[in-house]
Amino acid sequence: MIYFLTVNYYSTHLLTKLINSLPANQDIAYKVLVINNSPEDTDFNQIQSEYVQIIHAEENIGFGNACNLGIQYIFHQDKQAIIWIINPDAYLLKNFLAEVNIFFNSHSELSILGTIIYTPKGEVWFAGGRFIPRTGAILHEDLLTHIDKSYVTCDWVSGCSLIINLRKFSAAPLFDPAYFLYYEDFDFCRRYALQGHVIAVTKHFSAIHQPSSITNRNVYLKIKYSTYSYLITLEKYTNLAVQTIRFTRLIVYAIILIAAKPQVSLGKLDGVLMYLRRCLTKTH
């Protein structure tokens, strides 16, 4: 069984486009599992159908934690399933269902697979990620354009369109609940890579993504949570020297932006304060 797992946060119109991009016939068994992070979204009920299942969170618990609800549910239903995590502001242009099963049968070594992601204009938005621990650089790199391989191993893939092969996991693979939004996909990939799992990206499957169509509704919160998550990530995967340099640079840049981009500046500074409160809580 293939499960498409997505998270709703006041995005019914986007989810409708995603669901309509999936095949109407069910020659290959699949379900759409939607975790609803916005209980007050009354328009959301219109997307329910015989192959769309909804799990309601009691409040907005963030992207990773919402995905965890879905992953745990699917793992208990079918430990051999393929989970395709996909953003509500993404959609498919082609029916990949039969190809997904064939791909993972042929490449059973893969645990986590990212797809190539395009913008609506057809430009490559994501095609693989690299990480340089000695500098703390988390990079988007186009690893796919000039190769003909079935896949390319990489350090991380985007949670916008990420496929999990449950057959490779003895327990449900989960996102770190410390992340509310942003960088949870990077951490997910790095944690399981360190356990010996193979992370890769392929151009055999693709998704169209409308970047930041949800998160740009509130720039301040977007920057706050991305800053907080970024600092957690540096703490987990770099050394103290790298953390100090990047932390200082971040604060200086936030101060410089106060006049020109106050929402961005305040978001960065509040993200820093949020991280410092976390550090104090851990210390005590």
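The values are calculated or read from the model by the stated rules, or taken from the named source; none is laboratory data. Small disclaimer: the values here were computed from a predicted structure and weren't measured. Cβ coordinates were reconstructed from backbone atoms using ideal geometry, including for glycine residues, and neighbour counts include every protein chain displayed.
Data table
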{"quantity": "Answer from ASN45, ASN36 - the residue that is polar (S, T, N, Q) and out of contact with any strand residue (DSSP E or B) (no Cβ under 6 Å at 6 or more places or on another chain)", "calculated": "ASN45"}
{"quantity": "Within the range 181-197, considering residues that are among the aromatic types (Phe, Trp, Tyr) and not in a loop (DSSP other than H, G, I, E, B), the one farthest from LYS121 (Cα to Cα)", "calculated": "TYR192"}
{"quantity": "The lone exception for ILE112 - which of (1) touching a residue at least 60 places away in the same chain (Cβ under 8 Å); (2) in contact with a Ser or Thr (Cβ under 9 Å, 6 or more places away or on another chain); (3) surrounded by 22 or more Cβ atoms within 10 Å (Cβ to Cβ) it fails", "calculated": "(2)"}
{"quantity": "Lone qualifier among ASN8, ASN45, ASN87 - being more than 26 Å from LEU194 (Cα to Cα) and surrounded by 14 or more Cβ atoms within 10 Å (Cβ to Cβ)", "calculated": "ASN8"}
{"quantity": "Residue in the range 93-101 that is surrounded by 17 or more Cβ atoms within 10 Å (Cβ to Cβ) and touching a His at 6+ places or on another chain (Cβ under 7 Å) present", "calculated": "no"}
{"quantity": "Neighbours by Cβ (under 8 Å, 6+ apart or cross-chain): first from the range 60-79, within 17 Å of ILE2 (Cα to Cα); second surrounded by 22 or more Cβ atoms within 10 Å (Cβ to Cβ) and small (Gly, Ala, Ser)", "calculated": "CYS67/GLY159"}
{"quantity": "The listed residue being in the same structural domain as PRO88 (by TED's automatic domain parsing) and either in contact with an Asp or Glu (Cβ under 7 Å, 6 or more places away or on another chain) or surrounded by 18 or more Cβ atoms within 10 Å (Cβ to Cβ) (or both), out of GLU141, GLU184", "calculated": "GLU184"}
{"quantity": "The one condition in (1) more than 14 Å from LEU92 (Cα to Cα); (2) touching a residue at least 40 places away in the same chain (Cβ under 8 Å); (3) assigned to a strand (DSSP E or B) that LYS31 fails to fulfil", "calculated": "(2)"}
{"quantity": "Pair list, Cβ < 7 Å and 6+ apart or interchain, from the range 148-176 residues that are within 11 Å of PHE75 (Cα to Cα) to residues that are surrounded by fewer than 16 Cβ atoms within 10 Å (Cβ to Cβ) and charged (D, E, K, R)", "calculated": "LEU166/LYS79"}
{"quantity": "Residues (part of a helix (DSSP H, G or I), of a type outside the set (A, V, I, L, M) and surrounded by 14 or more Cβ atoms within 10 Å (Cβ to Cβ)) located in the range 198-235", "calculated": "THR215, TYR220, LYS222, LYS224, TYR225, SER226, THR227, TYR228, SER229, TYR230, THR233, GLU235"}
{"quantity": "Selection from the range 135-180 of residues that are closer than 30 Å to MET274 by Cβ and in a strand (DSSP E or B)", "calculated": "ALA137, ILE138, LEU139, HIS140, TRP156, SER161, LEU162, ILE164"}
{"quantity": "Qualifying residue in the range 61-82 (condition: over 18 Å from the mean Cα position of the chain (by Cα), among the β-branched types (Val, Ile, Thr) and crowded, with 18+ Cβ neighbours inside 10 Å)", "calculated": "no"}
{"quantity": "Residue list for the range 41-84, filter: among the small types (Gly, Ala, Ser) and either in a loop (DSSP other than H, G, I, E, B) or in contact with a Ser or Thr (Cβ under 8 Å, 6 or more places away or on another chain) (or both)", "calculated": "ALA57, GLY62, ALA81"}
{"quantity": "Residue identified as more than 21 Å from ASN20 (Cβ to Cβ) and either basic (Lys, Arg) or touching a strand residue (DSSP E or B) at 6+ places or on another chain (Cβ under 8 Å) (or both) among TYR73, TYR51, TYR91", "calculated": "TYR73"}
{"quantity": "Residue within the range 16-25 that is of a type in the set (Lys, Arg), touching a residue at least 12 places away in the same chain (Cβ under 8 Å) and part of a strand (DSSP E or B) present", "calculated": "no"}
